[in-house]
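Take a look at the structure set out below.
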Ligand SMILES: [Zn+2]
C-alpha cells in the first residue's frame, strides 16, 4: 500500500493567517462527531478525514481542515485553511492559512466546481461504512487510486453527478450536502444503516 507522504500539490500561501468565519464553529462540531464515531482514522498512515464548506454561493472558495491535523474536538483556529483557488493542470492550490490545506483539497475544489448545489463536503475513512458499502449498494469508484491524485478526482467526478454519498474504492467515503448539516446528517444516516445487524 502506498504510504502517506503529505500533500501532492504546490501551495501558494497568499497570507499566513488563520481564516475567520462564524461557520467554522459548525465545522469544528462536525470534526468532533467524525472523531467520536471513528469516521476519520488515519489512511496510509497519515491522512485523516477532511471536512470543508463553501464560502459563498457563486464562488468555489472554501474553508477546509488542515493537512495532518487529526480530527478531534475543539480544534484551534490555525487548524483551518481557506482555499482561494485551484489550478488542476498545474496541481497548484492558492490558500490562506497557518497550516497547509488538506491533502484532498484539489478533490474538494473539483467537486465544488462541478456541483454548484453543494455547500459542504465531508470525507472520512470509517471502517464500518467501507465494509458495508456493497451490501448497502453505495456507489463506488471502480479502481483504487492514490490519494490526492488527479485520477482519483476524475473517478469521483464521474459518479457524483447524481449522488450525494459515494465510496472511493479501498479508501473512504464522501458525503455532500447543500450545507454542513445536510452532509453530516447524511453521513450519520448511512452509518446507522451500516451498524444495524
Ligand atoms: Zn482520504
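Derivation of every value follows stated rules applied to the coordinates shown; laboratory data play no part. Just so we're clear, the structure is a prediction, and the values are computed from it rather than from any experiment. Reconstructed Cβ throughout: ideal geometry from the backbone, glycine too, with neighbour counts over all protein chains shown.
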| task | State the number of residues belonging to segment 171-197 that are part of a helix (DSSP H, G or I) and free of Cβ contacts under 8 Å to residues at least 24 places away in the same chain. | result | 4
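Got a sec? Which helices (runs of 4 or more DSSP H) wholly within segment 70-170 have at least 3 residues that are crowded, with 22+ Cβ neighbours inside 10 Å?
The qualifying helices (runs of 4 or more DSSP H) are 105-114.
In segment 43-61, what count of residues is obtained for those that are in a strand (DSSP E or B) and within 17 Å of residue 148 (Cα to Cα)?
5
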| Taking residue 11, is it more than 14 Å from the ligand (Cβ to nearest atom) and crowded, with 23+ Cβ neighbours inside 10 Å? | no
| field | Residues of segment 55-70 that turn out to be touching a helix residue (DSSP H, G or I) at 6+ places or on another chain (Cβ under 8 Å) and touching a residue at least 40 places away in the same chain (Cβ under 8 Å), as a count | value | 4
